[in-house]
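Trainee: Dumping the structure here so I can ask a few things about it.
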Amino acid sequence: MPVSTYRELPPRPQLAGLLACTWSQHVSRPHRQRIVPDGCVDLIWLADRELVVAGPATGPARSDLPAGSTTVGVRWRPGTGAPALGLPLDALLDVTVPLSELWGRDAADALAERVAGAPPGARAELLQDVVAVRAAAGGPVDRLVTAACRAAAWDALAGRTLGVRALADGLGVSERQLLRRFRTAVGYGPRTLARVLRFQRFLAGIWEPSGATAEGVELGRLAADAGYADQSHLVRDCRRLAGATPSQLLAGG
């Protein structure tokens with residue numbers, strides 16, 4: 001039996017524009033989880049004990065999960081979480097905070113009580129319920145930023161260096177305004193997001209759906225497929241974003 005079992009599911013159709021997925025992770029014995037940047041923000045029922053929000057990350061982190069615990073989360077797409085959470089996402093850069101710090105103790109405790117009392121299979125649905133309510137109350141996402149996020153994703157895939165000034169010109173705003181709105185909605189700038197998305201594409205090539213690493217992969221080919229200029233470029237980003245070498249990630253480290 002694997003130490004950790006991780007599963008992602010699509011969100012309900014009404015939330016597909018906001019949420020990338022819902023997810024769950026069960027660990028059979030104490031487990032230290034490596035967490036790497038993905039451009040997203042998560043609302044998490046952590047290890048059967050508390051509700052937290054994991055902000056946008058620019059580097060690796062670790063989470064210690066106790067034996068027999070299950071963690072459940074919902075993951076906002078890049079640029080879509082700020083209205084529901086109620087604050088600019090650069091305020092959550094590289095931190096994980098109790099939900100009570102954002103929504104107040106009463107609201108967080110009431111939701112935690114509902115999630116704790118629900119069957120495990122229903123917990124992600126409860127989190128989606130509250131996302132829907134909070135998103136409606138918080139107002140629309142910044143569509144200019146979500147368009148910029150799509151451009152960042154395309155440039156990452158193509159292996160191009162994202163031109164922020166050209167991106168701003170194409171969207172009809174100044175570079176300064178684009179950067180300000182992007183940091184508010186995403187947590188950091190477009191070039192950082194492009195770097196993170198390129199790295200995530202590399203990880204998708206080495207990690208099987210079960211969470212195990214693929215075997216017999218050629219590192220140079222994976223680097224090229226993910227949009228890296230060369231293997232040394234990949235090594236630099238792996239160290240920066242995961243705190244590990246590509247070989248260590250391939251080995252499951």
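Trainee: Take the Cα radius of gyration of region 84-125 and divide it by 2.2 N^0.38 Å, with N its residue count; two decimals is plenty.
Mentor: 1.35
Trainee: Which value in Å is the Kirkwood Rh of region 4-138 over different Cα pairs? Spell out each step's value before the answer.
Mentor: Details: mean 1/r = 0.0670 Å⁻¹.
Over region 4-138, the inverse of the mean reciprocal pair distance is 14.9 Å.
Trainee: Let me ask something additional. For region 143-250, count the residues as N, evaluate 2.2 N^0.38 Å, and divide the Cα radius of gyration by that value, please.
Mentor: The value comes to 1.16.
Trainee: Okay, next question. Just need the Rg to Rh number for region 1-83, please, alpha carbons only, Kirkwood Rh.
Mentor: Details: Rg = 13.0 Å, Rh = 13.4 Å.
Here Rg/Rh amounts to 0.97.
Trainee: Further question on the same structure: Can you give the net charge of the other residues whose Cβ lies under 14 Å from the Cβ of Ala185, counting K and R as +1 and D and E as -1? Let's see the in-between values first.
Mentor: Numbers: positive: Arg77, Arg143, Arg150, Arg180, Arg181, Arg183; negative: Asp90, Asp142.
Summing Lys and Arg as +1 and Asp and Glu as -1 gives +4.
Trainee: Between Val130, Val141, Val186, where does the largest GNM mean-square fluctuation fall for the chain, given springs only between Cα atoms within less than 10 Å?
Mentor: Top of the fluctuation ranking is Val130.
Trainee: Quick one: compute the contact order of the chain, relative version, from alpha carbon pairs under 8 angstrom and 6+ residues apart, as a percent.
Mentor: Details: 459 pairs, mean separation 49.3, N = 253.
About 19 percent, as a whole number.
Trainee: Ok, one more. From the C-alpha coordinates alone, can you work out the Kirkwood hydrodynamic radius of region 108-159, in Å?
Mentor: Details: mean 1/r = 0.0728 Å⁻¹.
Over region 108-159, the inverse of the mean reciprocal pair distance is 13.7 Å.
Trainee: Still on this model: Once you wrap a convex hull around the alpha carbon atoms of region 141-182, what is its projected area averaged over all directions, in nm²? Before the final figure, lay out each step's value.
Mentor: Details: hull surface 10.6 nm².
Computed as one quarter of the Cα hull surface, the answer is 2.7 nm².
Trainee: Can you quote the Å³ per residue value for the convex hull of the Cα atoms in the chain, rounded to an integer? Mind showing how you got there, number by number?
Mentor: Details: hull volume 30.4 nm³, N = 253.
Hull volume over Cα atoms, normalised by residue count, gives 120 Å³.
Trainee: Sequence-distant or interchain residues sharing an amide H contact under 5 Å with Ala57, placed H: which?
Mentor: Here Asp38, Gly39, Cys40, Asp94 satisfy the definition.
Since every read-out is calculated from the coordinates, none of them should be taken as a lab result. Computed from a predicted model, the values in this text were never measured in an experiment. Positions of Cβ are generated from backbone atoms using ideal geometry, with glycine treated the same way; all protein chains shown enter the neighbour counts.
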